[in-house]
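Nothing in this text is a laboratory measurement; each read-out follows from the coordinates by a stated rule. Quick caveat: nothing in here was measured; it's all calculated off a predicted structure. Neighbour counts are summed over all protein chains in view; Cβ atoms, including those assigned to glycine, are modelled from backbone coordinates with ideal geometry.
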Amino acid sequence: MRRNARPRNDDIVFRNLMFWAGAVLLLAVVAFGITYAIYSSKVKNEARVSELNSRMIGELVPSLQTEENEEVQSASSSIGKTVEQVQENILNDEKTAEEVVEKKVEENVESESAEEQITESKPEPTITPKGELNFKMPVEGEIVKEFAKENLVYSETLKEWITHTGVDIKADKTTVVKVAEDGTVKSIKNDPRYGITVIVEHSNGFKTVYSNLLTAEFVSEGESIKQGQTVGTVGTSANFEVADESHLHFEVWKDGEAVDPTLYVKD
């Protein structure tokens, strides 16, 4: 038998396995070392960055104090003001606001006083309280029958209590009747109740009615007339008032509603 015979196949396989196992283990150790080195370096860098950030923040922002007043002072110092300055500014603002309010109140009081003085010194308006126009009485005379739209008045002609949508102004027959305000003659008619009647339209929704006339030949329908211009003469043509003395039946209407002439007409 020979001494240097070839090794068996089992030995060769075992040696190969050991070789490769050692190689893999070595690679693992090397890889672990490299990873550890990289990780350590990263941790150190992060620590340095954190430390740097802390230092920068510490330099830029005042260190926090434990007490609340110190925190307020530190925060105030970071924007160039102290707590005392802030409080002083607040007090000044409050004082300024109070002064403004007091000034406004004084101005309002003075304004109201001035308005009261002006109101007291103003002369009474020449127009009536509810009217925009300056109506004048169409004839001079005593009012013998008043406006009674809601309250009834007694009619000597009809012998009963009735409503009365105008005023009756006592005047002699043929007395000239003048228009109470500028306007336009809307109609001239012979009313079955109030006789010969002239209706004049004015601005602002007003119209005036002149009834119980003797004649109305001085004006024509559609004619523009001026205050004081003649519209007719006093007569006794009103069937509903024939028992009364000669007079002018005068009405004032506002926006389609009869109103008391004495509230709008000045003597």
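Taking a label point 7 Å from the Cα of Ser203 along the Cα→Cβ vector, which residues of the range 155-187 have an amide N closer than 11 Å to it?
Those under the cut-off are 182-183.
If Lys and Arg each add +1 and Asp and Glu each add -1, what is the summed charge of the other residues whose beta carbon sits under 13 Å from the beta carbon of Ala243?
-4
What length, rounded to one decimal in nm, is gained on full extension from Asn151 through to Asn190, with 0.36 nm per residue of separation minus their alpha-carbon distance?
That works out to 11.4 nm of additional length.
May I ask which of Lys136/Lys173; Lys136/Lys159; Lys159/Lys226 have a Cα-Cα span longer than 29 Å here?
Over 29 Å Cα-Cα: Lys136/Lys159; Lys159/Lys226.
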